[in-house]
Ligand code: SF4
């Protein structure tokens, strides 16, 4: 039982690091606390509760998490400080010793965050009436990776217009460079019917677009013996939602049937995000990825055959252990030939405990930077060539909330970002699907300028 009376009239501050999944989960925690009478602390106001949702994708991320925790403790003296997320799962005990930290919750405990928070806070308050006034609790709970079984459901509006629906968590792949399976546990998912219900709820709250998020979404069904394609078909039937996007799909789990279905679906957009990581088969083997470059090229060809206008974003990791200059050139040439739209380039970062550390060949930081720069330039060329194809055309755009007096932005069905000048923007357009005429690039080439056609 949760004693909601202890939360009434309290304030909370949140800080999230990492991926869309983390942002979506933080937002859900925020909503749960709100339902219990906690309001968000205003800018500069001291909060009673601080929640930090951490990431551990690189060593830099770990460092940023520690900085964020220390900053929150400084900015909100006396607040009850809770830390959760991937870094909390991997380093629960270490984090719990940081000055000011009360409660650290790993991946399994996150699903019961409110219960843990309520129990610990009640105890802290009764302690403060006795001896240890002003002391932090420094308590931590986390289980071993293999014992992470719970699924914390989450469907929440991001900062802008779209909703993020968490359809899956964890991963069974154990790629050699990655710690995510250790931090989030094995693959698991809720039922299709519960996700359809959450999509309906998002529509009832005014949602028009939902992004499906997860760690390894294509593995959906590991828990419930359903398939990702079945999920896509079921969500496509939620007519109140006008657009669905899939945040990322492993190429080996992106079935040809799924691609074909998306091309004729009602609401799944011609927009894909696929992690390649390397275009060199030798490097893919070192990474223990489950596909080769030929399979990846086949998926791209198939998407383009069914959806010639599809936007395709590709993750690429540069400077992994074992990536010789020759292997990098293979990746570069492969990507140059590939009909994709945008490259998300990540420099490899060493992670303690990963199998990649056993690969002897190490790429220098200088080479990592040079390789990243070349791929970012290639990406810019590809994105601009893709955008240029739509100059002078008409498109349906979903506009996003903007600050009053500033330009508004939105996305076409195939994820071309558009900009409406400040003079023409209006609150009425927020979260509206509108037909626009597309003009040339905006000042920093991050969007196409547009004008409204049908209002
Ligand atoms: S598929 Fe590989 S890179 Fe992605 S989360 Fe799983 S182990 Fe990490």
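Tabulated data
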item: The range 284-294, subset part of a helix (DSSP H, G or I) and away from the ligand (no atom under 15 Å from the Cβ), residue surrounded by the most Cβ atoms within 10 Å (Cβ to Cβ); result: 293
item: Test set (1) in contact with a strand residue (DSSP E or B) (Cβ under 6 Å, 6 or more places away or on another chain); (2) in contact (Cβ under 8 Å) with a residue 60 or more places away in the chain; (3) not assigned by TED's automatic domain parsing to the domain that holds residue 256 - residue 315 fails condition number; result: (3)
item: Test result for residue 157, within 16 Å of the ligand (Cβ to nearest atom) and within 21 Å of residue 114 (Cβ to Cβ); result: no
item: Members of the range 43-60 found to be within 17 Å of residue 77 (Cβ to Cβ) and either in contact (Cβ under 8 Å) with a residue 40 or more places away in the chain or touching a strand residue (DSSP E or B) at 6+ places or on another chain (Cβ under 9 Å) (or both), listed by number; result: 45, 46, 47, 48, 49, 50, 51, 52
item: Within the range 188-219, considering residues that are within 16 Å of the ligand (Cβ to nearest atom) and in a loop (DSSP other than H, G, I, E, B), the one nearest to residue 432 (Cα to Cα); result: 214
item: Test: residue in the range 292-308 that is out of contact with any strand residue (DSSP E or B) (no Cβ under 7 Å at 6 or more places or on another chain) and on the phi > 0 side of the Ramachandran plot; result: no
item: Subset tally (residues that are in contact (Cβ under 8 Å) with a residue 60 or more places away in the chain and either out of contact with any strand residue (DSSP E or B) (no Cβ under 9 Å at 6 or more places or on another chain) or near the ligand (Cβ under 9 Å from one of its atoms) (or both)) for the range 171-187; result: 10
item: Conditions (1) touching a strand residue (DSSP E or B) at 6+ places or on another chain (Cβ under 6 Å); (2) crowded, with 17+ Cβ neighbours inside 10 Å; (3) closer than 20 Å to residue 380 by Cα; number of the one not met by residue 278; result: (1)
item: Total residues in the range 227-257, condition over 20 Å from residue 21 (Cβ atoms) and away from the ligand (no atom under 16 Å from the Cβ); result: 14
item: Elements of type helices (runs of 4 or more DSSP H) in the range 43-162, at least 1 residues being modelled with pLDDT of 90 or more and surrounded by fewer than 20 Cβ atoms within 10 Å (Cβ to Cβ); result: 59-75, 92-96, 113-128
item: Matching residues in the range 221-241 - criterion: being part of a loop (DSSP other than H, G, I, E, B), closer than 27 Å to residue 433 by Cα and more than 21 Å from the chain's Cα centre (by Cα); result: 237, 238, 239, 240
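The values are calculated or read from the model by the stated rules, or taken from the named source; none is laboratory data. Computed from a prediction, not measured in an experiment: that's the story for all the values here. Note: ideal-geometry Cβ built from the backbone for every residue, glycine included; neighbour counts use all protein chains shown.
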